[in-house]
Each structure stands twice: as C-alpha cells, then as structure tokens.
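Here the structure comes first, spelled out in structure tokens, and everything after it is commentary.
Since every read-out is calculated from the coordinates, none of them should be taken as a lab result. Everything numeric here is computed off the predicted structure, so don't read it as measured data. Heads up, the Cβs are rebuilt from the backbone with ideal geometry, glycines too, and the neighbour counts pull from every protein chain shown.
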Amino acid sequence: MNVPPRPLLPPGPYLLCDDTVLPDMPLVAKAERLLAGGARVVQLRMKRTPIREALEAARAVVALCRSAGAVCLLNDRVDLALLSDAHGVHVGDEDLPARDARVLLGPGRLVGVTVRDELGAREALEAGADYVGVGPVFGTTTKAVPAPVLGLEGLARVVRGSPLPVVGIGGVGLSNVASVAATGVHGAAVVSDALLAQDIAERVRLLAGAFERGRVGG
Ligand SMILES: Cc1ncc(COP(=O)(O)OP(=O)(O)O)c(N)n1
Ligand SMILES: Cc1nc(C(=O)O)sc1CCOP(=O)(O)O
Ligand SMILES: [Mg+2]
C-alpha cells in the first residue's frame, strides 16, 4: 500500500493560534488573520478550550490551513490531530512521548518535540521526531517555562549540534526575529507578538520579511 509522503515543515515564521493570548477572539478568527498574513505553519495550541469545542476548532482550523496551503500542527493532542486530519503534532515533556506519538500518527504526519539542548535533539531524532522546538530563546510571559533562557548564543549552539531542524520559541517577535533567523534556525515560533498586534495579518507579513532578511546566507 502506498503511504502518502510526510509533509515538509516550511521554513520561516511558525505561528501559534493560541487560546491563552487574546482569549476573547475565537480561534478560527485568529487562524484566518494569521493565514491572511501568509502564515505557512500554524500550531493550534488549546490550553483552556473544552474538549468538544477543541475538536470543532481543530477541524475548522485544519480546513482553513489546508485551503491556504499551510501546514497545521496540533499542540499536545494526538487524538485531535488524527480526528481533524492535521499535518501533525507538537509534544513536550507533559504530553505523550514522541515515540508513542509517532506510533499513533504513522509515517505520514509530522511530529515536533520540545527540547532544551543538543542531547534532547539527538534523542528526539531517535524517537522519530521531524523537528525540535527549542526555547525559551528570550523571556516570555505567555508561559512559565521550567528552563533557563537560552539567548541567541545558546540557541545557535543547539542549532549547530542538532541533527533535526530547530524552531526557536519564547519571546520571539518583530524586534528580534531577524537575529533569531541568523542563528540558522529553520523556524521561529511566535505567539504574543503576532496575536497582540493591532493588525495580525500585517504583523505576520512583517515577521516573514524580517526572518528572510536575517536568514543565514539570506
Ligand atoms: C514550536 C514549539 N516549541 C515548543 C513548544 C512548547 O511545547 P510544550 O513544551 O509541550 O509546552 P506547551 O506548548 O504544551 O505548553 C511549542 N508549543 N511549540
Ligand atoms: C509555549 C511556549 N513554550 C516555550 C518553551 O520555551 O518551551 S516558550 C512558549 C511561549 C512563547 O510565547 P511568546 O511567543 O508569546 O513568547
Ligand atoms: Mg505540550
């Protein structure tokens, strides 16, 4: 039987459609704005949404992303990813282990894993991950992260030692995304800087331009 090829994770800004930041705006409205700005990767992060509403949101956001040609990943929830036909998941220490997420998702979907250093990135590869989320790059108020801030030097060190593409996360925004890109990361994950902008779509466009200018060799 032919297995459909696993989607590739597009490089550049990686936008989170999150229910903890700007909680009064529906997730679908956030996704529409992110996609209107040209987002190519959207992670749906639902920490407060009741499960049935979360499934409905996942189906709607995945459909929007697919129509726009964007990759959609579900934060934490392998079950929702499968039910909504998402492109994959992003899991961390409090979620299913990456190896088990891979078993459930099969070879045709993406698995991203949060790690804190190069050793974590090597373990993620062994577990079947496609990319690693590495942070916190800078201080963030979006989440209390149980790990020290890496800074650009720390991020660059992980990028050099990681066998998997690295997505930097934590405090990334328009003021620093070019310097994050210059470390050689594959992607830069952004939550509050995009969702709290006056014009979310325009912010996504600006983030993409700044990432491109900062890229190594770009
Ligand atoms: C791209 C990316 N990197 C890291 C994280 C953090 O995931 P996790 O550690 O599971 O924490 P929560 O997001 O679940 O609070 C991420 N979501 N995305
Ligand atoms: C969800 C998350 N995980 C992080 C990690 O370092 O693992 S930092 C973070 C929040 C990032 O939000 P913002 O872009 O608003 O700073
Ligand atoms: Mg998680």
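Given the DSSP H assignment, sum -39500 (n - 2.57) over each helix run of at least 4 residues in the chain and divide by its residue total; what's the result at 222 nm in deg cm²/dmol, nearest 500? Could the numbers behind the result be given before it?
On the way: 9 runs with 87 residues, N = 218.
That calculation yields -11500 deg cm²/dmol at 222 nm.
Most mobile of ILE169, ILE200, ILE51 per a Gaussian network model of the chain (Cα springs, under 10 Å)?
In this elastic network of the chain, the residue with the biggest mean-square fluctuation among ILE169, ILE200, ILE51 is ILE51.
Name the residue from LEU16, ALA201, ALA58 whose Cα lies farthest towards the positive end of the charge dipole of the stretch 12-216, charges +1 on Cβ of Lys and Arg and -1 on Cβ of Asp and Glu.
ALA201
Based only on other Cβ atoms within 10 Å, what is the fewest-to-most ordering of THR114, THR183?
Lowest count first: THR114, THR183.
Can you list the cysteines of the chain that have no other Cys Cβ under 4.7 Å away?
CYS17, each lacking another Cys Cβ under 4.7 Å.
What Kirkwood radius, in Å to one decimal, follows from the Cα pairs of the stretch 61-207?
After inverting the mean inverse Cα-Cα distance, the result is 15.7 Å.
Assigning unit charges at the beta carbon (Lys, Arg +1; Asp, Glu -1) and nothing else, what dipole magnitude in debye, to the nearest 20, does the stretch 32-121 show about its Cα centre?
Here the stretch 32-121 has a charge dipole of around 280 debye.
I need the GluC sites (Glu not before Pro) found in the stretch 41-146, filtered to DSSP loop residues with at most 15 other beta carbons within 10 Å of theirs.
In loop regions of the stretch 41-146 (DSSP not H, G, I, E or B), the sparsely surrounded GluC sites (Glu not before Pro) are GLU94.
From the backbone phi of the stretch 151-162, what are the Karplus-calculated ³J(HN,Hα) couplings (6.51 cos²θ - 1.76 cosθ + 1.60, θ = phi - 60°) in whole Hz, Gly and Pro given as x?
Per-residue couplings from phi come out as x, 5, 4, x, 5, 4, 5, 5, 4, 5, x, 8 Hz.
Full-extension gain between ARG59 and ALA29, please, as 0.36 nm times their residue separation minus the C-alpha to C-alpha distance.
Details: separation 30, 0.36 × 30 = 10.80 nm, distance 1.37 nm.
Extra length available between ARG59 and ALA29 comes to 9.4 nm.
Among ALA127, ALA197, ALA86, determine the one that fluctuates most according to a GNM of the chain built with springs between C-alpha atoms less than 10 Å apart.
ALA197
Taking the chain as a Gaussian network, Cα atoms linked when under 10 Å apart, which of VAL21, VAL91, VAL172 shows the biggest mean-square fluctuation?
Result for the chain, Cα springs under 10 Å: VAL21 fluctuates most.
Quick one: HIS90, HIS186, fewest Cβ neighbours within 10 Å first, how do they rank? Before the final figure, lay out each step's value.
On the way: HIS90 30, HIS186 19.
The order, fewest Cβ neighbours first, is HIS186, HIS90.
How big is the charge dipole of the chain about its Cα centre, in debye rounded to the nearest 20, if each Lys and Arg gets +1 on its Cβ and each Asp and Glu gets -1 on its Cβ?
Roughly 380 debye for the chain.
I need the fraction of alpha carbon pairs in the stretch 20-67 separated by more than 16 Å, rounded to a whole percent.
32 percent
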